[in-house]
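Written out below as structure tokens is the structure these notes cover.
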Amino acid sequence: GMIIFALYTAFTIWWGVGNLYDKFIRLKNAGPGQAYSDGEALTVLGLKRYCCRSMVMTHVDLIIKLLNYNCLERRGAGR
């Protein structure tokens with residue numbers, strides 16, 4: 001799989017949480033009987049404050065979707 005490293009910080013304490021997103025997804029998608037719930041995964045990662053937890057929970061991997069588009073390409077140009 002492709003690993004995306006997102007640099008973002010929790011708003012209130014400026015603590016970096018971007019490096020925890022991939023670990024969070026791996027914990028949630030572990031095999032049957034080994035997967036963690038959202039809350040359990042966040043606790044295992046050491047995220048106790050609601051601001052840090054919300055930053056990881058609400059992250060969206062937009063870069064994967066944006067890679068499908070070429071902003072320099074114009075469709076239908078010259079028609």
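A few points about this structure:
- Selection from region 14-34 of residues that are surrounded by 13 or more Cβ atoms within 10 Å (Cβ to Cβ), within 11 Å of the chain's Cα centre (by Cα) and touching a residue at least 12 places away in the same chain (Cβ under 8 Å): Val17, Gly18, Leu20, Tyr21, Asp22, Lys23, Phe24
- Filtered residue count, region 36-58, keeping only those that are within 14 Å of the chain's Cα centre (by Cα) and open to solvent by 60 Å² or more (accessible area, probe 1.4 Å): 2
- Tallying residues that are under 21 Å from Cys51 (Cα atoms), modelled with pLDDT under 65 and in a loop (DSSP other than H, G, I, E, B) within region 1-33 yields 9.
- So Gly76, is it at pLDDT 75 or above, among the small types (Gly, Ala, Ser) and surrounded by fewer than 10 Cβ atoms within 10 Å (Cβ to Cβ): no
The values are calculated or read from the model by the stated rules, or taken from the named source; none is laboratory data. Keep in mind that this is a model prediction, so the values were computed, not measured. Cβ sites come from the backbone with ideal geometry, for glycine too, and all protein chains shown count toward neighbours. Heads up: the accessible areas ignore ligands, DNA and RNA and are worked out on the full protein's heavy atoms, side chains in. Shrake-Rupley method; radii C 1.70, N 1.55, O 1.52, S 1.80 Å.
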